[in-house]
Amino acid sequence: MTTQVAHLVPYGEAVSRYEPVIGLETHVELGTVTKMFCGCPTTFGLPPNSAVCPVCLGLPGSLPVANRAAIEYTIRIGLALNCTIASWCRFARKNYFYPDMPKNFQISQYDEPLCANGWLDVTIGGQAVRVDIERVHLEEDTGKSLHVGGATGRIHGADYSLVDYNRAGIPLVEVVTKPIVGTGELAPEVARGYVTELRDLLRALGVSDVRMEEGSLRCDVNTSLAPHGAAEWGTRTETKNVNSLRSVERAVRFEIERQAGLLDAGLRVVQETRHFHEDTGTTTTGRSKEEAQDYRYFPEPDLVPVAPPESWVAQIAASLPELPAARRLRLQTSWGLPPENMTWLRNAGALDLVEQTVTAGASPAEASKWWLGELATESNKRGVELAELPITPEQVASVSALVRDGTLNDKLARQVLEAVLAGEGDPAEVVAQRDIAVVSDDVALIEAVDTVIANNPDVAAKIRDGKTAAVGALMGQVMAATKGRADGSRVRELIVQRLS
Ligand SMILES: [Zn+2]
């Protein structure tokens, strides 16, 4: 193993001299009820080794049967990615030994993928980047090793390892891009944007729950660098199992800085797999790929070829839902929000919530303001997704309505949202119970204004002399006296009126 130590080149400098080429291999666990080649359930989080049978344990004499739903899902993905669907293809055996693979081979697809040659458009900063898709193939997932002891949770330094075969045999789709060239300094953003778009697409297709944190969507990120204008691409590294969108971007960025350091120092980049570390944002060396592994692929003898009839493919194509890019465009047009707002909403996972809030009666601007503001802050604080917050789009729409009819101002609306999140009931109930509606009664406001004026004769005198900037000081006190329940512009009017 080669240990390469070189300084990191600051990102801007690295991309000013080197051109990155990236590629992404994304594994998606399909959301079928049963596994790829047997009837075991695919439920996440079952007790270890409870969802297994002779087929997925690879016991002698057991025979696999392909899952029709998994093939249909794969075709659905291929069609949505503008791929050609093979009219005939086979599964292949990929032979290698690893403890989490009970059969010592994985059933995959080799030179006959089910879907090939497609594309996915990604929007980065308002600009469309077309990412070409090389192939979409179907395979089975491996089991999971748990390394006990040691600091890192990796096999190195562990006291012993345990294997859970529940995941072995879950249908897995691999989506492989062609090399993505010419993106320059945007390469890390394009990588992230691609995975984001792919995730949204898969979710819209209903083929996977695409939970990166549970490993149902996992990404391997290839990165290489070459001097601008070079005739050949550089040697690439493959950063494995990057499991958040943010990490995809960081992994590419770090590899660019690291590889630029090596090239600057006259060293060569070693072709290898690397591990990404969430805590430090760095990658470290994994397994060298200098000698290509020989997996001794051959056609899987226990399975018949897959030959989806044209009529079936046409039927699947006709049943595709509206895809995310088309939906965003439609919503943007009908909502009249700027494109960057749509990007924020998408990245925050708020698009569905805002749509439902608008359906419940809020304006698009109000709905996106609350979901991207108060509620996004709250979801970050709690470390949960927006959709997991204990508040419904209907409740957000009610808060919006209460602001619109003058019952609440923005500050009070925030208090109501907090109370709803704390489980105090619907917005109307909170307003009634806490008595926090805006004081719209002028008699009460005038009383508060007069008290504040009487208590601050100096400030009042200044305002009488025409120093209107001092109004703010009195306003603050009136707002405090009414516990923020007064309408600010009305208070200002009243102060000026009383002192003129
Ligand atoms: Zn099984």
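The values are calculated or read from the model by the stated rules, or taken from the named source; none is laboratory data. Just so it is clear, the model here is predicted, and its values are computed rather than measured. Note that we place each Cβ from the backbone using ideal geometry, even for glycine, and neighbour counts take in every protein chain shown.
What the table below lists for this structure:
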quantity	calculated
Selection count where residues are within 13 Å of the ligand (Cβ to nearest atom) and in a strand (DSSP E or B), scope the range 160-176	1
Residue within the range 106-129 that is within 16 Å of the ligand (Cβ to nearest atom) and of a type outside the set (Val, Ile, Thr) present	yes
Per-region count, the range 26-39, residues crowded, with 23+ Cβ neighbours inside 10 Å, in a loop (DSSP other than H, G, I, E, B) and hydrophobic (A, V, I, L, M, F, W, C)	3
Residues located in the range 470-500, provided they are part of a helix (DSSP H, G or I), farther than 15 Å from residue 444 by Cα and modelled with pLDDT under 85	489
Residue within the range 5-22 that is assigned to a helix (DSSP H, G or I), away from the ligand (no atom under 16 Å from the Cβ), among the β-branched types (Val, Ile, Thr) and surrounded by 15 or more Cβ atoms within 10 Å (Cβ to Cβ) present	yes
Candidates 209, 200 - the one that is surrounded by fewer than 17 Cβ atoms within 10 Å (Cβ to Cβ), under 18 Å from the mean Cα position of the chain (by Cα), in contact (Cβ under 8 Å) with a residue 40 or more places away in the chain and assigned by TED's automatic domain parsing to the domain that holds residue 56	209
Any hit, the range 136-153, residues being more than 16 Å from the ligand (Cβ to nearest atom), of a type in the set (S, T, N, Q) and closer than 20 Å to residue 101 by Cβ	yes
Considering residues of the range 316-338 that are of a type outside the set (Gly, Ala, Ser) and exposed (fewer than 12 other Cβ atoms within 10 Å of the Cβ) only, the residue farthest from the chain's Cα centre (by Cα)	333
Selection count, the range 431-469, where residues are outside any helix (DSSP H, G or I) and not aliphatic (A, V, I, L, M)	7
Helices (runs of 4 or more DSSP H) within the range 326-423 that include 2 or more residues acidic (Asp, Glu), in contact (Cβ under 8 Å) with a residue 40 or more places away in the chain and within 30 Å of residue 80 (Cα to Cα)	none
Subset of the range 24-71 that is away from the ligand (no atom under 13 Å from the Cβ) and over 29 Å from the mean Cα position of the chain (by Cα) - its residue that is nearest to residue 142 (Cα to Cα)	66
Residues of the range 420-437 satisfying the condition of being within 16 Å of residue 377 (Cα to Cα) and either of a type in the set (Lys, Arg) or crowded, with 19+ Cβ neighbours inside 10 Å (or both)	420
Any hit, the range 48-64, residues being over 29 Å from residue 161 (Cβ atoms) and not hydroxyl-bearing (Ser, Thr, Tyr)	yes
Conditions (1) surrounded by 20 or more Cβ atoms within 10 Å (Cβ to Cβ); (2) aliphatic (A, V, I, L, M); (3) without any contact (Cβ under 8 Å) to a residue 60 or more places away in the chain: number failed by residue 195	(3)
Subset of the range 454-472 (residues that are buried (at least 17 other Cβ atoms within 10 Å of the Cβ) and either under 30 Å from residue 416 (Cβ atoms) or touching a Leu at 6+ places or on another chain (Cβ under 7 Å) (or both))	459, 460, 463, 471
